[in-house]
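Report on one structure; see the data block that follows.
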Amino acid sequence: MKNAIFPGSFDPFTLGHLDIVKKSEKIFDKIVIGIGENDSKKPLFSIEKRKKIIEKIFKKNKKIIVKDYNCLTVDFCKINNLRFIIRGLRNSSDFQKEKELALMNEALDKSIITLFLPCSKKYSIISSSLVKELILKKGEFNKFVPKEILDELKSF
Ligand code: ADP
């Protein structure tokens, strides 16, 4: 069994994230979507709400498990017996940032391997922070998120 975690803030979960999960499914038997709080970002949705939305998106998919955590990702991996960390790349600045993070995680635990997956070109402009701003400022965000986010925002 090859198990991996796809960690992130997912506030909100976007079509870019979905693209990375779909690619990861071709490689892994089980993928934990791990929602971690990013203290430097003011949340749009609570962790509980994000978890519910992502569970809805993948409700028919037995390979996907959604969990939240507030410890280090490598510690979460150890506790849950996950050996791979998946991260998505949009551009070279993502790569610089992600490489530092991957090297730090490797220094903390060299048995855990980070795997970078590039997103498809059409998703490379999507970021949760821009989508969040579009939502808060009533811009056009529909084409960047799964329908489950649109459903949730009807009652926003
Ligand atoms: P974090 O706060 O950990 O960066 P995000 O939810 O912003 O959390 O991102 C989680 C992961 O998804 C990161 O690896 C990020 O690079 C990746 N990601 C974000 N947006 C996209 C996208 N449009 N296409 C591919 N990967 C993405």
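Here is how the number arises for the chain: DSSP H runs of 4 or more residues each give -39500 (n - 2.57), the sum is divided by the residue count, and the result at 222 nm is -12500 deg cm²/dmol. In plain terms, the residue of 57, 31, 113 with the fewest other Cβ atoms within 10 Å comes first and the most crowded comes last, giving 113, 57, 31. Counted residue by residue at 0.36 nm each, then reduced by the alpha carbon distance between them, the extension gain from residue 92 to residue 25 reaches 21.7 nm. For a paramagnetic label modelled on residue 150 (point 7 Å from Cα along Cα→Cβ), amide N atoms under 17 Å away belong, within the stretch 116-134, to 131-132, 134. Applying the criteria of a DSSP loop state and at most 12 other Cβ atoms within 10 Å to the GluC sites (Glu not before Pro) of the stretch 127-156 yields 140. With R₀ set to 41 Å, the beta-carbon distance separating residue 106 from residue 129 gives a calculated FRET efficiency near 0.95. All other residues whose Cβ lies under 14 angstrom from that of residue 91 are scored, Lys and Arg at +1 and Asp and Glu at -1, for a net of +4. Per residue, the average separation of C-alpha pairs within less than 8 Å and at least 6 apart gives the stretch 1-137 a relative contact order of 33 percent. Once the Cβ-Cβ distance of residue 99 and residue 39 is raised to the sixth power relative to R0 = 25 Å, the FRET efficiency obtained is 0.70.
No lab work stands behind these numbers, since they all come straight from the coordinates. Note that the structure is a prediction, hence the values are computed from the model and not measured. No Cβ is skipped: glycine too gets one built from the backbone with ideal geometry, and neighbour counts run over all protein chains shown.
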